[in-house]
Amino acid sequence: MLFAMIIGGLIGYAFGRFPGFIIGAAIGAFLLNRAKSRLVGRLQDLQNGFAESVFAVMGALCKADGVVTRDEIEMAETLFARFRLNEAQRAAAKAAFQRGKEPGFDLDAELDRFLRISGGQPALLQMFLQVQVSAVAADGVLHPAEHEMLVRIARRLGLPESQVDQLEAMLRGARSGHAGGGQARTSDQQLADAYKVLGVSASATDTEIKRAYRKLMSENHPDKLAGKGLPESMREMAEERTREISNAYDVIKDARKRAA
């Protein structure tokens, strides 16, 4: 604000001395406030659009295997609370979820709409996909039809199919980290999933693995995502993602130490 006023004032002073300085400073402050208002409005539109598209696509995904289970409905309701939606936002989210379940729902059009709203920012697209993977896996089973739709969603958003494998591996890792969560997994299965989470092969060097880890942590930092328009209510999910990335890195490091 002060910088804009000074610049505006100096320009005004060059044309009208002190009176010009005052007028120029006022104009500078006005333009800055207007720019801030536009930015806040754009972020609000992005956040509202994010939530609506998330739940519309979620409804379509949950219906992909022919039936929407009670677990999937409860997951959607849990997300209403987790995203801290107010009453009006919940009503809009429920309507979007129902819209996504309708036979004539146009999945591609909804994804294209979200692409426009998000500006195609990779971090927001990845978070969008993460929510979908979490929702359809709520009943403990990922049906082939659901996996196929997840791949279709990823491709439409311009994300590689490996993103789906990465998120599914991340989800399995999160479940195994909770007492009684999911089926017991061998250390080899955990290690294979850890490589998928980091997006590297088991033959990658230590340097390549560290580079992939740092890149993912930087891209998925909650503060950075918030600055790109991710709703504050989704910060917890972003933090979970970074924890799973960090956990995968630790699994790989420990396995390599034991093998050395």
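What follows is calculated from the coordinates using simple rules that are stated; it is not laboratory data. Given the structure is predicted, the values throughout are model-derived calculations rather than measurements. Because the Cβ atoms are built from the backbone with ideal geometry, glycine has one as well, and the counts that use them run over all protein chains shown.
Computed quantities for the displayed model
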read-out	value
Packing-based exposure ordering (other Cβ within 10 Å, fewest first) of L124, L142	L142, L124
Residue-wise HN-Hα coupling along region 61-77, computed from phi with Karplus coefficients 6.51, -1.76, 1.60 (Hz; x: Gly, Pro)	5, 5, 8, 4, 8, x, 8, 9, 6, 4, 4, 5, 5, 5, 5, 4, 5
A204 long-range amide H proximity, modeled H, under 5 Å	none
Added length on full extension, which subtracts the Cα-Cα distance from 0.36 nm per residue, A192 to E236	13.3 nm
Relative exposure of M237, M149, judged by other C-beta atoms within 10 Å (fewest first)	M237, M149
Per-residue Cβ neighbour rank within 10 angstrom, fewest leading, L167, L111	L111, L167
Gained length - R211 relative to I73, 0.36 nm times residue gap less alpha-carbon distance	45.8 nm
Cβ-Cβ FRET estimate between A226 and E87, R0 fixed at 25 Å, reported to 0.05	0.55
Estimated Rh, region 118-169: Kirkwood, alpha-carbon pairs, angstrom	11.0
